[in-house]
Amino acid sequence: MRKKPYMLATDLDGTLVGDQSALQRLLQHYEESSIEVELVYITGRHYTSATSLIALENLPKPDILITDVGAAIYSSEKLTEDTTWEKKMLMNWHPERIIRLSSFFPALKRQTLPSTKRISFTIDQNDGIVKQFENALVEENIPHKLIYSSNRDVDILPENSGKGEALSYILQNYANDDVKVLIAGDSGNDIDMLTLGHPSVIVGNAQLELIQMENHPYLYRATEHFAGGIHEAWLHFYK
Ligand code: GLC
Ligand code: MG
């Protein structure tokens, strides 16, 4: 794959997806300014769910697709899985221990997923349960990374996973050193990548957990929603 001078690394639901006409304006801006932008989608969805959304919303095909909150990376024309990353994710990963421990927390409803690359749950009322679960995982010495988003989703990921780790890997292995990147997100599972220190945008419709996030010099808080917020930030950083 030829490396491009710019990169848009964006979450899908609630960020790139949500306002079709704003999305069209963003894509048109890229076309008219004839800058080459490498498209990296970084989503919490699993592969089939992500590719269905891409088709349903008529999104441009990404150069790289990161799924499962950073637990899997797909690249090249055919979107084949990056096996180096896959091997790294499988180190110290014990999904069966996580599943067993979660049975002591009935408030955690297991999400139905096609693989055990990550173990995810939803919870209706937290009441400190997520913290208790996290403490139990630590007490049992189960390597993991816990991500809580949108007051609902609890993802347990391999310890070196997450959207931030996955994007750092992409920047190191698939991009030019001086690539001009914009990172975009709207909810808790995006914090990891929004805090890497690169130009980043929190879209105007973001969840409370991002509104409350600490600032950094390259973090831009957009007024516009969804792709409109990405567009606003793109003009702010790169024109
Ligand atoms: C997406 C995924 C879900 C995950 C959530 C938070 O909604 O479909 O499985 O828990 O993102 O990362
Ligand atoms: Mg989102």
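The values are calculated or read from the model by the stated rules, or taken from the named source; none is laboratory data. Remember, it's a predicted structure, so these values are computed and weren't measured experimentally. Here Cβ is always computed from backbone atoms with ideal geometry, including for glycine, and neighbour counts include all displayed protein chains. In case anyone asks, the SASA skips ligands and DNA or RNA and just uses the protein heavy atoms, side chains included. Shrake-Rupley method; radii C 1.70, N 1.55, O 1.52, S 1.80 Å.
Annotation: Glu134 fulfils all but one of (1) open to solvent by 60 Å² or more (accessible area, probe 1.4 Å); (2) farther than 28 Å from Ile64 by Cα; (3) away from ligand 1 (no atom under 12 Å from the Cβ); the unmet one is (1). All of Ser21, Ser52, Ser76, Ser34 fail the test of being at negative phi and more than 16 Å from ligand 1 (Cβ to nearest atom), apart from Ser21.
Among the residues making up segment 106-141, those that are assigned to a helix (DSSP H, G or I), in contact with a Phe, Trp or Tyr (Cβ under 8 Å, 6 or more places away or on another chain) and within 17 Å of Asn189 (Cβ to Cβ) are Val130, Phe133. For segment 74-100, a residue qualifies if it is more than 15 Å from Pro158 (Cα to Cα) and in the same structural domain as Ser120 (by TED's automatic domain parsing), and exactly one does: Arg100. Please work out which residue is farthest from ligand 2 (Cβ to nearest atom), limiting yourself to segment 25-48 and to residues that are in contact (Cβ under 8 Å) with a residue 12 or more places away in the chain and part of a helix (DSSP H, G or I). The extreme case among them is His29.
All conditions in (1) open to solvent by 60 Å² or more (accessible area, probe 1.4 Å); (2) within 14 Å of Asp68 (Cβ to Cβ); (3) hydroxyl-bearing (Ser, Thr, Tyr) hold for Ser120, with the sole exception of (1).
Those helices (runs of 4 or more DSSP H) of segment 166-239 in which at least 1 residues are in the same structural domain as Thr15 (by TED's automatic domain parsing) and farther than 30 Å from Thr83 by Cβ, considering only elements entirely within it, cover 208-211, 226-237.
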